[in-house]
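Below is one structure; the comments refer to it alone.
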Amino acid sequence: MKNWLITGCSSGLGRSLAKEALEKGYNVVITARDIGKLKKFEDDFPKTALLLPLDVTDKLSVRQTVRASKERFGGVDVLVNNAGYGYRAAVEEGEEEDTARLFQTNFWGPIELIKAVLPDMRAKRSGAIINISSIAALGTAPGSGYYAASKCALEGLSDGLRAETAPLGIKVMAVEPGAFRTDFAGRSLTQSDTVISDYEETAGARRIGKDKSHGTQKGDPDKGARLIIQAIEAEDTPFRLLLGSDAVRFAKETMERRRKEYDKWREFSCQSDFQD
């Protein structure tokens, strides 16, 4: 796992992952749409850091980045699909152009990168793909339906990919972070311009102007980055990695509620079978 390619490194978890991987001695292709603020990585790690501009929604940009990674370091051993952003809107408020862009970044972009690196990984019979998901894929808060849907899609794809590539020696891990002190609730959070008053107490309560969580989250991105790297290096790498005490608590509560509902309706659900 010598050569890493990480998307969305301008801030937050992506930047911390790049720093941690470089400090561990790995070669790292550090990407972002604007790499101007990342110059220090190449200054500090001139032999092992490569900065490349990357727009994950642009197929040509993806292909050029993977090609440059191969030319500089000989290929990609670990792909981290971290680039993404949040979007707040009630389902009825969601705007087609906004939601299409959201899925292009959070879902289709990672697919293009996965497809670009898999041929070499298959040839080597080794590699790892880390897709940064969210606890929103486990349970969705009002106003986050579209964002959660993009992460549910990414996790579903990751699950199928894991089954397909495990026999080929390729790991797949979906990371489910809780709230981390990054720009996610700040610069990386968008919302619909459409406002429907009937949703004021649900989705409306979580619109950007009312969200005061930015800068107060418990999650430390540097610690999160170290744990992600430790998990992917482990022999028994998990498929789903919860990140943060809030994520662990939320997952437990969500699974318990889901199990209770399944149990309550079990006999009813079984009535759809043919009677032998």
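The values are calculated or read from the model by the stated rules, or taken from the named source; none is laboratory data. These numbers were taken from a predicted model, which means no experiment stands behind them. Because the Cβ atoms are built from the backbone with ideal geometry, glycine has one as well, and the counts that use them run over all protein chains shown. Just so you know, the surface numbers come from the protein's heavy atoms only, side chains and all, with ligands and any DNA or RNA stripped out. Shrake-Rupley method; radii C 1.70, N 1.55, O 1.52, S 1.80 Å.
Filter region 135-183 down to residues that are among the β-branched types (Val, Ile, Thr) and open to solvent by 20 Å² or more (accessible area, probe 1.4 Å), then give me how many there are. Explain how you work it out, then say what you get.
Going through region 135-183, the residues among the β-branched types (Val, Ile, Thr) turn out to be 135, 140, 165, 170, 172, 175, 182.
Filter again for open to solvent by 20 Å² or more (accessible area, probe 1.4 Å), leaving 135, 140, 182.
Residues flagged as among the β-branched types (Val, Ile, Thr) and open to solvent by 20 Å² or more (accessible area, probe 1.4 Å) within region 135-183 amount to 3.
Listed residues THR48, THR99; which is among the hydroxyl-bearing types (Ser, Thr, Tyr) and closer than 30 Å to ARG207 by Cβ? Spell out how you get there, then give the answer.
Values: THR48 fails: closer than 30 Å to ARG207 by Cβ.
After applying the criteria, what remains is THR99.
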Region 89-125: number of residues that are without any contact (Cβ under 8 Å) to a residue 12 or more places away in the chain and of a type in the set (Lys, Arg): 1
Residue match in region 59-81 (condition: without any contact (Cβ under 8 Å) to a residue 60 or more places away in the chain and among the acidic types (Asp, Glu)): yes
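Quick one: which of SER69, SER11, SER61 is open to solvent by less than 10 Å² (accessible area, probe 1.4 Å) and farther than 20 Å from GLU155 by Cβ?
Details: SER11 fails: open to solvent by less than 10 Å² (accessible area, probe 1.4 Å); SER61 fails: open to solvent by less than 10 Å² (accessible area, probe 1.4 Å).
Sole residue among the options that is open to solvent by less than 10 Å² (accessible area, probe 1.4 Å) and farther than 20 Å from GLU155 by Cβ: SER69.
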Candidates ASP246, ASP276, ASP236 - the one that is within 21 Å of the chain's Cα centre (by Cα) and surrounded by fewer than 10 Cβ atoms within 10 Å (Cβ to Cβ): ASP236
Evaluation of GLY75 against (1) modelled with pLDDT under 95; (2) more than 19 Å from the chain's Cα centre (by Cα); (3) in a loop (DSSP other than H, G, I, E, B) (one fails), failing number: (1)
Qualifying positions in region 72-97 - open to solvent by 30 Å² or more (accessible area, probe 1.4 Å) and in contact with a helix residue (DSSP H, G or I) (Cβ under 8 Å, 6 or more places away or on another chain): GLY84, TYR85, VAL91, GLU92
Entirely in region 82-191, the strands (runs of 3 or more DSSP E) that have 1 or more residues that are out of contact with any Cys (no Cβ under 8 Å at 6 or more places or on another chain), at pLDDT below 95 and of a type in the set (S, T, N, Q): 189-191
Positions within region 18-41 being part of a strand (DSSP E or B) and over 18 Å from VAL56 (Cα atoms), in sequence order: ASN27
All positions within region 14-31 that are open to solvent by less than 10 Å² (accessible area, probe 1.4 Å), under 13 Å from ALA49 (Cβ atoms) and not hydroxyl-bearing (Ser, Thr, Tyr): LEU17, ALA18, ALA21, LEU22, VAL28, VAL29, ILE30
Subset of region 140-168 [in contact (Cβ under 8 Å) with a residue 24 or more places away in the chain, of a type outside the set (A, V, I, L, M, F, W, C) and farther than 26 Å from LEU118 by Cβ]: PRO142, GLY143, SER144, GLY145, TYR146, TYR147
When residues of region 42-53 are limited to those that are open to solvent by less than 90 Å² (accessible area, probe 1.4 Å) and not in a helix (DSSP H, G or I), the one farthest from ARG226 (Cα to Cα): PRO53
Top-ranked residue in region 193-231 [being modelled with pLDDT under 95 and among the hydroxyl-bearing types (Ser, Thr, Tyr); ranked as most open to solvent (accessible area, probe 1.4 Å)]: THR216
Test set (1) over 30 Å from ALA203 (Cα atoms); (2) outside any helix (DSSP H, G or I) - VAL56 fails condition number: (1)
Failed item in (1) without any contact (Cβ under 8 Å) to a residue 60 or more places away in the chain; (2) of a type in the set (Gly, Ala, Ser); (3) under 23 Å from SER16 (Cα atoms), with GLY86 passing the rest: (1)
